[in-house]
Amino acid sequence: MPTLKFAVLPGDYIGPEVMSEALRVLDHVAKKENLELSYQQADVGGAGIDHHGKALPDSTLALCREADAILFGSVGGPKWEKLPPKEQPERAALLPLRKAFNLFANIRPGLLYPDLTDASPLKSARIPDGIDIVCIRELTGGIYFGQPKTTVTLDNGEEQAIDTMVYKTSEIERIAEVAAVTARARGKKVCSVDKANVLETSVLWRRVVTAYFAKNHPDIALTHMYVDNAAMQLARDPNQFDVLFTENMFGDILSDEMAVICGSLGMLSSASLGTGKNSLGLPFGLFEPAGGTAPDIAGKGVANPCAQILSAAMMLRYSFGLAAVADRIEAAVRAAVATDGVRTGDIAFGRPAVGTRAMSDAIIARL
Ligand code: NAD
């Protein structure tokens, strides 16, 4: 019986509420599929600060290092808002985790079921079949990390700030490979987004991506688009894309735009894959909902657990190689929400809304 060893980091506010439902679903699936789960929970974010004095306690990092994947909730909220920026839960927990595991590829499915198009700010006539795309963002390079990064005072007394955008071939090739693998399991169609009319890094990006696909994935249809156009096209006709991938800052912005057009954050999952392999020889990854800790609804038992459950499905697919089991979980969520019409408040649109537990009960019933 295969053992799935993962660290569980629920985090703050709704984090633990939705995480316990994802674990119920995983426990149920494990019984049905004859899988053994080995997971331990640890504090992170505000919970880490409150109980251990730091957003990413050493014991939590050690637990992650022993695991084959991390199932993450979300961190932060008003309770820790007054801390200096460097100690804020999100920055002091997520950034070191990304660094520790070299999580270089962020994969966000932009999925909106046809029955939920009311959740999208786009006119439903524009997306009659919902939305089904994937946005892949390079996560460890580019302008957020390039050096020099500094603010200096000039001779005339005014201040000048500098950020540096840097990419090298190997960084571009490895994210291109993630895009190709993702596209291969879908429509074999990839759009690489850059700003090659202005930026040196984008000129290199486009050249490396073109050569990489020509050599390694000639059967995948590759197109290129400037980022300003991509932002417009995403709002105009999102389904023209299948898989889009881009560098760090462009991806930060485009993936949030995609989240908005897909409606509720309560439905969107994500995966961040590392350069390292886990003990099964598969990519080590961190899997988390796209949204935050939703302090406005925390403690009321009304948060939508679907994003966390779908993140658990992504973990099974990427870090444990269980694509068929992941497919079954995703199908169960879709059936519960779209076919059975069981909805939490964020996706109810006039229907009676159910609570967090009833939503996961409906998903388990479908499984
Ligand atoms: P948020 O994503 O927490 O909430 C935005 C809106 O979406 C809220 O109205 C919320 O109720 C709703 N929402 C989000 N998830 C939901 C769910 N599962 N079910 C139903 N509704 C849901 O964004 P915010 O309010 O800007 O941030 C709150 C806190 O979360 C902040 O401290 C922020 O720093 C943190 N945050 C953490 C992460 C992370 O841990 N990766 C990501 C984003 C924000």
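The values are calculated or read from the model by the stated rules, or taken from the named source; none is laboratory data. Not measured: the values here are computed from a predicted model. All Cβ positions, glycine included, derive from the backbone under ideal geometry; neighbour counts span all protein chains shown.
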Expected output for the stretch 195-212 (first residue surrounded by 14 or more Cβ atoms within 10 Å (Cβ to Cβ), partner hydroxyl-bearing (Ser, Thr, Tyr) and assigned to a helix (DSSP H, G or I), Cβ below 8 Å, 6+ apart or cross-chain) is LYS195/SER202; ALA196/SER202; LEU204/THR169; VAL208/THR169
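Can you give me the number of residues within the stretch 213-225 that are within 17 Å of GLU247 (Cα to Cα) and surrounded by fewer than 16 Cβ atoms within 10 Å (Cβ to Cβ)? Spell out the reasoning first.
Initial filter on the stretch 213-225 (within 17 Å of GLU247 (Cα to Cα)): 213, 222-225.
Filter again for surrounded by fewer than 16 Cβ atoms within 10 Å (Cβ to Cβ), leaving 223.
Looking only at that region, the number is 1.
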Going through the stretch 30-53 in order, the residues found to be away from the ligand (no atom under 16 Å from the Cβ) and either part of a loop (DSSP other than H, G, I, E, B) or surrounded by 24 or more Cβ atoms within 10 Å (Cβ to Cβ) (or both) are ASN34, LEU35, GLY53
Output for Cβ contacts, cut-off 6 Å, separation at least six or different chains, first residue within 15 Å of the ligand (Cβ to nearest atom) in the stretch 299-320, second among the aromatic types (Phe, Trp, Tyr), reads SER311/PHE287; MET314/PHE287
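Please go through the stretch 122-143 and pick out each residue that is surrounded by fewer than 19 Cβ atoms within 10 Å (Cβ to Cβ) and either more than 21 Å from the chain's Cα centre (by Cα) or part of a strand (DSSP E or B) (or both).
Looking only at the stretch 122-143, we keep the residues that are surrounded by fewer than 19 Cβ atoms within 10 Å (Cβ to Cβ), and these are 123-126, 128-129, 143.
Listed by number, the residues that qualify are LYS123, SER124, ALA125, ARG126, PRO128, ASP129.
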Those residues of the stretch 157-184 which are out of contact with any strand residue (DSSP E or B) (no Cβ under 6 Å at 6 or more places or on another chain) and assigned to a loop (DSSP other than H, G, I, E, B) amount to GLY157, GLU158, TYR167, LYS168
LEU71 passes all but one of the listed conditions (1) modelled with pLDDT under 95; (2) not in a helix (DSSP H, G or I); the exception is number (1)
Within the stretch 282-298, restricting to residues that are in contact (Cβ under 8 Å) with a residue 40 or more places away in the chain and over 20 Å from THR344 (Cβ atoms), the one that is farthest from the ligand (Cβ to nearest atom) is LEU282
Exactly one of PHE213, PHE284, PHE241 is within 22 Å of ASN102 (Cα to Cα) and not small (Gly, Ala, Ser), and that one is PHE284
Residues that are more than 19 Å from the chain's Cα centre (by Cα), within 11 Å of the ligand (Cβ to nearest atom) and of a type in the set (S, T, N, Q): does the stretch 101-117 have at least one?
no
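Residues checked against (1) under 20 Å from ASP361 (Cα atoms); (2) of a type in the set (Gly, Ala, Ser):
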residue	(1), (2)
GLY15	yes, yes
ALA22	yes, yes
HIS28	yes, no
GLU33	yes, no
TYR39	no, no
VAL44	no, no
GLY48	no, yes
LYS54	no, no
Per the filter on the stretch 9-29, residues under 21 Å from ALA55 (Cβ atoms), crowded, with 24+ Cβ neighbours inside 10 Å and not hydroxyl-bearing (Ser, Thr, Tyr) are LEU9, PRO10, GLY11, ASP12, ILE14, GLY15, GLU17, VAL18, MET19
Scanning the stretch 62-85 for residues that are away from the ligand (no atom under 11 Å from the Cβ), among the small types (Gly, Ala, Ser) and within 21 Å of the chain's Cα centre (by Cα) gives ALA67, ALA69
Residue in the stretch 135-149 that is assigned by TED's automatic domain parsing to the domain that holds PHE241, free of Cβ contacts under 8 Å to residues at least 60 places away in the same chain and at positive phi present:
no
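If you take just the strands (runs of 3 or more DSSP E) that sit entirely in the stretch 185-258, which of them hold at least 1 residues that are over 23 Å from the mean Cα position of the chain (by Cα)?
Details: elements: 189-194, 221-226, 243-246.
In the stretch 185-258, the matching strands (runs of 3 or more DSSP E) lie at 221-226.
Out of the residues in the stretch 55-68 that are part of a loop (DSSP other than H, G, I, E, B) and in contact with an Asp or Glu (Cβ under 8 Å, 6 or more places away or on another chain), which is surrounded by the fewest Cβ atoms within 10 Å (Cβ to Cβ)?
First, the residues of the stretch 55-68 that are part of a loop (DSSP other than H, G, I, E, B): 55-57, 67-68.
Next cut, in contact with an Asp or Glu (Cβ under 8 Å, 6 or more places away or on another chain) only: 55, 57.
On the way: ALA55: 30, PRO57: 19.
In this case the residue turns out to be PRO57.
Residues of the stretch 13-29 being assigned to a helix (DSSP H, G or I) and either within 16 Å of the ligand (Cβ to nearest atom) or among the polar types (S, T, N, Q) (or both), which ones? So that I can check it myself, show each step before the final result.
At the first step, the residues of the stretch 13-29 found to be assigned to a helix (DSSP H, G or I) are 14-29.
Scanning the stretch 13-29 gives ILE14, GLY15, PRO16, GLU17, VAL18, MET19, SER20, GLU21, ALA22, LEU23, ARG24, VAL25.
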Can you find even one residue in the stretch 144-156 that is within 25 Å of ASP219 (Cα to Cα) and either modelled with pLDDT of 95 or more or not in a helix (DSSP H, G or I) (or both)? no
Within the stretch 259-303, the residues that are part of a helix (DSSP H, G or I) and surrounded by 24 or more Cβ atoms within 10 Å (Cβ to Cβ) are GLY266, MET267
Going through (1) aliphatic (A, V, I, L, M); (2) under 16 Å from MET315 (Cβ atoms); (3) not in a helix (DSSP H, G or I) one by one, LEU97 fails only at (3)
